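Okay, structure first, notes after.
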Amino acid sequence: MPVGADDRIKPDRMILRRLEGVLHRRVTTPEATRLITAAAAQLACTPWELDHAIWKTQPTP
């Protein structure tokens, strides 16, 4: 994750797992980046804020 870059994310396993659970299919890292960026724009937040919100909803292993 680039420090201080709220408009950029690096989807990790937690983000990929959440997207795959919602979409019921495999999601690649580039696709996850596009999906999070597009969803953030629709929600009027930054991609980092959405990434962080998704992270907070995921159970810890």
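The values are calculated or read from the model by the stated rules, or taken from the named source; none is laboratory data. Quick caveat, the model's predicted, so the values are computed rather than measured. Counting neighbours? That spans all protein chains shown, and the Cβs are built from the backbone with ideal geometry, glycine included.
The rows are residues; the columns are (1) modelled with pLDDT of 95 or more; (2) loosely packed, with under 12 Cβ neighbours inside 10 Å.
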site: 4; (1), (2): no, yes
site: 8; (1), (2): no, no
site: 12; (1), (2): no, no
site: 15; (1), (2): no, no
site: 18; (1), (2): no, no
site: 27; (1), (2): yes, no
site: 32; (1), (2): yes, no
site: 39; (1), (2): yes, no
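Just wondering, is there one or more residues in the range 51-58 that are at pLDDT 90 or above and surrounded by fewer than 11 Cβ atoms within 10 Å (Cβ to Cβ)? No, because not a single residue in the range 51-58 is at pLDDT 90 or above and surrounded by fewer than 11 Cβ atoms within 10 Å (Cβ to Cβ).
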